[in-house]
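The values are calculated or read from the model by the stated rules, or taken from the named source; none is laboratory data. None of the values given here were measured: they were computed from a predicted structure. Note that we place each Cβ from the backbone using ideal geometry, even for glycine, and neighbour counts take in every protein chain shown. Heads up: the accessible areas ignore ligands, DNA and RNA and are worked out on the full protein's heavy atoms, side chains in. Shrake-Rupley method; radii C 1.70, N 1.55, O 1.52, S 1.80 Å.
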Amino acid sequence: MLRPLCQNLYLSTLKNRQSLVALQQSLHTTNRMSDKTYEDPATIKFLEDVHKIMVDDALVKGTSREAPVVEFRHPEELKKLLQLPVKNEPATSAEILEDCKRVIKYSVKTGSVQFYNQLYSGIEPYSLAGSWITDALNTNIHTFEVAPVFVLLEQYCVQKICSLIGYENGDGVFGSGGSFCNLMATHLARYKRYPNMKSEGMYNQPILDLYTSDQAHYSLLKAGGYLGFGTDNIIRIKTDDGGRMLIDDLEVKVEESKKKGHIPFFVMGSCGTTVLGSYDSLNEIADACSKHNMWFHIDAAWGGGVLLSSKHKHLMDGVERADSVAWNLHKMVGANIQCSGIFVKEKGLLEKANRAYAEYLFQPDKFYDVSYDIGDKTVQCGRKADVLKLWLLWKGKGDSGLSERIEKAFDNSQYLATKLRKTDGFKLVIPEFQCTNICFWYIPPSLRGQEETPEWWAKIAKVSPIIKQRMIEDGSMMIGFCPLSMKGHVNFFRIIVVNPACEYSDMDKVLTEIERLGNDL
């Protein structure tokens, strides 16, 4: 009697537990998407909700002058607010939507006109559409068979950019940022000069010296370590007070390399240095490179946008004489991050330097023209199709619209520089700026009218970090600061004017906000 009773009780309990688990699973999957198709109404509803959150919170509210640029939280607090842990059971769609809202809430709104912190600002709708479509298609741009449209778009944009540079038979490829493109330039230059190094390596080979200005981007130093040139062989050239390379010093450094038995090999000129926005004299560098048989590369990651402006393109006179150019289209031009490319004068060099004959990708007996399989132009295999962000932007704005964008940024920055020059308590780091970088010190009332001694400058050095902290904690604005030690400059503000939504009134607000936050220092 007892044994059958226990069995029945066990079976009843088991059945109840199974029913409870089924109920829990049913409840948990409520408001969750189907894993099967995008035809499922729950899936469509979820994506529509995500789209609404993006538009309402990130774009409309995020670009409003009244909204904070950032709601800053320190790392440990932010970890808790984001609810980071991933659990064994899947979250519901409703929970994921709340996660999306938190991500946007605590992220920096780089589309705001009050965001001047980096070399990009603003969200261009056409480019954003390109980002969304690219992610929806989720493909890899290495062969025509998996990315036919993107391959053709990239080839078109590469040729259009080559024509702007002045390359009659040039080539190029999009890559993962300006640093990568500068690194690729050194790689191409080495292959061009010493093609055997591709197979034999740099063993028992001459020491190659590379040159760039003391204001140039640090990516060349990284290339020295990454590609085996050695960071000691990245030679810094002195600059004038405005941050432009001194050609006389380049000549001196080249001769020093020769005396040591090194090979002068590569020069990187800058068009729009990161801090001062300086443009090197490209024709002078080209002359030196021709004289000493050196590869001439231009880092135009920031300042290349002037090529689109008839008013400002003179800043890059001589660009057509370079062997290669790196350009970040996500900076001054306004494409969504990231959108970068390296453009070279010699067609075919990219493939020669990078081809690895991967049989599973690049079969010669495909049924279409395999010259459209462009993956061997780069050291990357997996590569996102960034070009749609540029093509839609360029097509939607036209050459004239992008030119207007560039010229408005210059106009706003020149207005700001003039305003700073005329306002008590502000001091420009250099008298004139070539690009839309404006660098200046704020001098609080307590430090005005005093002799500029080392002790005085030590106090000034503390001003911008304190104001920046107050600015971020208040969420009102984001402006970068930095020292320029090699020029003897202590911390100063570096503001980047590039957002096309900015007006003169926004430039005025920069001064009033800094005064509001630093008047008591």
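Just so you know, the Cα atoms of the chain work out to an Rg and Dmax of 27.8, 107 Å. Computing FRET efficiency as 1/(1 + (r/R0)^6) for TYR194 and SER290, where r is the C-beta to C-beta distance and R0 is 22 Å, gives about 0.70. Solvent-accessible surface of the range 362-521, taken per residue with a 1.4 Å probe and all protein chains present: 45 Å². Whole-percent P(r), the range 397-510, all Cα pairs, 5 Å bins from 0: 2, 10, 19, 22, 20, 13, 7, 4, 2, 1, 0. Beyond 16 Å, what percent of the Cα pairs of the range 143-212 remain? So the pairs more than 16 Å apart make up 65 percent of the total in the range 143-212.
Dividing the Cα convex hull volume of the range 234-362 by residue count, how many Å³ per residue is that?
Working: hull volume 18.9 nm³, N = 129.
Cα convex hull per residue, to the nearest whole number: 146 Å³.
Across the range 63-80, the residues whose backbone nitrogen lies under 20 Å from the label position 7 Å along the beta-carbon direction of ARG516 are 63-73.
For the range 110-164, the alpha carbon convex hull comes to 123 Å³ per residue, rounded to a whole number.
Taking the square roots of 5 times each eigenvalue of the Cα gyration tensor of the range 50-97, largest first, gives ellipsoid semi-axes of 25, 18, 5 Å. The modelled label-to-label distance between ILE466 and LEU47, using points 7 Å beyond Cα along the C-beta direction, is 5.3 nm. Positive contributions from Lys and Arg (+1) and negative ones from Asp and Glu (-1), summed over other residues with Cβ under 10 Å from the Cβ of TRP295, come out at +2. Step through the table entries LYS313/LYS408; LYS345/LYS384; LYS192/LYS347, compare each Cα-Cα distance with 20 Å, and write down the pairs that go over it. From the list (LYS313/LYS408; LYS345/LYS384; LYS192/LYS347), the Cα-Cα distance tops 20 Å for LYS345/LYS384.
Among the listed pairs LYS52/LYS109; LYS222/LYS258; LYS198/LYS260; LYS61/LYS109; LYS61/LYS105, give every one whose C-alpha distance is greater than 19 Å. Walk me through the numbers on the way to the answer.
Details: LYS52/LYS109 17 Å; LYS222/LYS258 23 Å; LYS198/LYS260 25 Å; LYS61/LYS109 9 Å; LYS61/LYS105 10 Å.
In this structure, LYS222/LYS258; LYS198/LYS260 exceed 19 Å between Cα atoms.
Averaging the sequence gap over all C-alpha pairs within less than 8 Å and six or more residues apart, then dividing by the number of residues, gives the range 184-247 a relative contact order of 30 percent.
Ranking request for peptides 57-70, 37-50, 356-369: highest mean number of other beta-carbon atoms within 10 Å first, then the rest in descending order. Before the final figure, lay out the partial values.
Details: 57-70: 16.9, 37-50: 12.6, 356-369: 9.9.
So the order, starting with the most tightly packed, is 57-70, 37-50, 356-369.
Computed over the Cα atoms of the range 94-231, pair by distinct pair, the Kirkwood hydrodynamic radius stands at 19.3 angstrom. Relative protection proxy for 194-203, 155-164, 388-397, from highest mean packing down: 388-397, 155-164, 194-203 (other beta-carbon atoms within 10 angstrom). Eigenvalues of the alpha-carbon gyration tensor of the range 291-356, scaled by 5 and square-rooted, set the equivalent ellipsoid semi-axes at 23, 18, 8 angstrom, largest first. The mean sequence distance of close C-alpha pairs (under 8 Å, at least 6 residues apart), as a share of the length of the chain, puts its relative contact order at 18 percent. Normalised by 2.2 N^0.38 Å, where N counts its residues, the alpha-carbon radius of gyration of the range 326-482 equals 1.61.
Going by average Cβ neighbours within 10 Å, how do the peptides 490-496, 467-473 rank, with the highest at the top? Write out the running numbers ahead of the final one.
Numbers: 490-496: 22.0, 467-473: 18.3.
So the peptides 490-496, 467-473, ranked by packing, come out 490-496, 467-473.
Annotation for ARG102 and ASN140: the two label points, set 7 Å from Cα along the Cα-Cβ direction, are 3.3 nm apart.
Residue separation times 0.36 nm, minus the C-alpha to C-alpha distance between ASP399 and SER310: what's the value? Don't jump to the answer; show the numbers that get you there.
Values: separation 89, 0.36 × 89 = 32.04 nm, distance 1.07 nm.
The ASP399-SER310 span can extend by a further 31.0 nm.
Suppose all protein chains stay in the model; what accessible area per residue would a 1.4 Å probe give for the range 129-199, in Å²? Display every interim value, and only then the final one.
Values: 2930 Å² over 71 residues.
I get 41 Å² per residue for this part.
Taking the 1.4 Å solvent-accessible surface of the chain as the whole, the part contributed by carbon and sulfur is 55%. With all pairs of separate Cα atoms included, the range 195-294 yields a Kirkwood hydrodynamic radius of 14.0 Å.
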